[in-house]
Amino acid sequence: MSGTKYVDSEGFLYTAPVREQGNIYKPNNKMMADELSEKAVHDVHTKEIDLVNRDPKHLNDDVVKIDFEDVIAEPEGTHSFDGIWKASFTTFTVTKYWFYRLLSAIFGIPMALVWGIYFAILSFLHIWAVVPCIRSYLIEIQCISRVYSICIHTFCDPMFEAIGKMFSSIRATVRKEI
């Protein structure tokens, strides 16, 4: 930020801030213009994924975080040999890790294809069938509700008004006799 200096009415010296890059909507320098045009061309389908945090919305926090201690436990007084316990822990952990990787390698891409097709069909049906049907129903039901409202006001209102006038002259008093 740089700018010209000016003196206000009390004699204090100020600098007027001026953006060197120009307006953010109409950039002056070429680097900022190129950066903005790159953002406009950015494709949603090729966004960069996080390879470290693969569950950013915590979908599977309570389901698949199963450790050895969650599955196998020896109560106090019935312990196996320490070497067996360590080997069992290592076997369980390594088997779970590599078998998951093997299943992911074999079935990951086909399952991603299946789920992609499923959600594409679901989105298609929602956009092109469900929402238009609901909108159509609401438009049609609005017409029916107007006719229904007219019928109620025409036939029921006078009847209830007459019944109300008939019973309005009735007075009820409560006396307590001892």
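Part of a helix (DSSP H, G or I) and either in contact with a Lys or Arg (Cβ under 6 Å, 6 or more places away or on another chain) or open to solvent by 70 Å² or more (accessible area, probe 1.4 Å) (or both): is that true of Thr91 in this structure?
Judged against the criteria, Thr91 is a match.
Count, please, the residues in region 62-75 that happen to be open to solvent by less than 100 Å² (accessible area, probe 1.4 Å) and either touching a residue at least 12 places away in the same chain (Cβ under 8 Å) or within 19 Å of Thr93 (Cβ to Cβ) (or both).
Final tally of qualifying residues: 9.
Just one of the numbered conditions (1) within 30 Å of Asp67 (Cβ to Cβ); (2) modelled with pLDDT under 95 is not true of Ala105; which one?
(2)
The values are calculated or read from the model by the stated rules, or taken from the named source; none is laboratory data. Just so we're clear, the structure is a prediction, and the values are computed from it rather than from any experiment. Virtual Cβ from ideal backbone geometry, glycine too; neighbours counted across all protein chains shown. Ligands, DNA and RNA are excluded from the accessible area calculation, which covers all protein heavy atoms including side chains. Shrake-Rupley method; radii C 1.70, N 1.55, O 1.52, S 1.80 Å.
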